[in-house]
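The values are calculated or read from the model by the stated rules, or taken from the named source; none is laboratory data. Treat the numbers as computed from the prediction; the structure is a model and nothing was measured. Cβ atoms come from the backbone with ideal geometry, glycine included; neighbour counts cover every protein chain shown. Just so you know, the surface numbers come from the protein's heavy atoms only, side chains and all, with ligands and any DNA or RNA stripped out. Shrake-Rupley method; radii C 1.70, N 1.55, O 1.52, S 1.80 Å.
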Amino acid sequence: MGFLDKLFKKTTKEEEVMTEKLNIGIILGSTRDGRVSPQVGEWVKSIADKRGDANYEIVDIAEYKLPLLGEGEAPGAAAWNEKLNSLDGFVFIVQEYNHSITGALKNALDYAREAWNNKSAGIVSYGSTGGARAAEHLRGIMGELMIADVRTHPTLSLFTDFENFSTFKPQDMHLDNVNLMLDQVNAWGKALKTIR
């Protein structure tokens, strides 16, 4: 290969990022017994996997067994940070508890700092009002952690998207919003990867 061939074959970091698939974590925001976040997370993942535009995986904060921050040793903290470092963006599955996010999710957010920085995130929330108030609280936290949250936000109602408040049966109308949210997470994720 001649000098000119090598010169024109080179790509910039931005071009390389644009052709690589991002790694997006779908973070389950609840750890309680009887939670429905795994059902919602699997639904989002099934939609995302059909797109083929990124590598999507479920990230369950319950598996890391994080104690309250500052209350004893946290053997799962290193693994939690390692997992977050391996991801380029997030989709938070958020349930509303007393007009806010769960204590477990807030604690998990606090267990990392730089691992969150300069990454994109979308929110899929649920509750009696679609989890909208919890999502707005999460946006404020994400701003402090330098996570760029996207605009499109699928909201699921306990009354119309769940049977007996426990079996997830989403309405078809949510599909477009989930795909639009994932479009935004990927676009912003690629842009932010160029500055990390």
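The set of residues from region 168-182 being open to solvent by 60 Å² or more (accessible area, probe 1.4 Å) and touching a helix residue (DSSP H, G or I) at 6+ places or on another chain (Cβ under 9 Å) comprises just one member, Leu175.
For residues in region 144-156 being of a type outside the set (S, T, N, Q) and open to solvent by less than 50 Å² (accessible area, probe 1.4 Å), which is nearest to Gln95 (Cα to Cα)? So that I can check it myself, show each step before the final result.
If we filter region 144-156 for residues that are of a type outside the set (S, T, N, Q), which is where we start, we get 144-151, 153-154, 156.
Pick out the ones that are also open to solvent by less than 50 Å² (accessible area, probe 1.4 Å) and you get 145, 147-150, 153-154, 156.
Numbers: Leu145: 20, Ile147: 19, Ala148: 20, Asp149: 17, Val150: 18, His153: 13, Pro154: 12, Leu156: 9 Å.
This residue is Leu156.
Go through region 102-196 and tell me which helices (runs of 4 or more DSSP H), entirely inside it, have 2 or more residues that are β-branched (Val, Ile, Thr).
174-193
Among residues of region 113-132 being open to solvent by less than 50 Å² (accessible area, probe 1.4 Å) and among the hydroxyl-bearing types (Ser, Thr, Tyr), the one that is farthest from Gln184 (Cα to Cα) is Tyr126.
Scanning region 58-101 for residues that are open to solvent by less than 60 Å² (accessible area, probe 1.4 Å), at pLDDT 95 or above and among the charged types (D, E, K, R) yields Asp60, Lys83, Asp88.
Does Ile47 meet the test of being in contact (Cβ under 8 Å) with a residue 60 or more places away in the chain, open to solvent by less than 30 Å² (accessible area, probe 1.4 Å) and within 12 Å of the chain's Cα centre (by Cα)?
The answer is no for Ile47.
Looking at Ala104, Ala135, just one residue is open to solvent by less than 40 Å² (accessible area, probe 1.4 Å), closer than 19 Å to Thr31 by Cα and more than 13 Å from the chain's Cα centre (by Cα), and that residue is Ala104.
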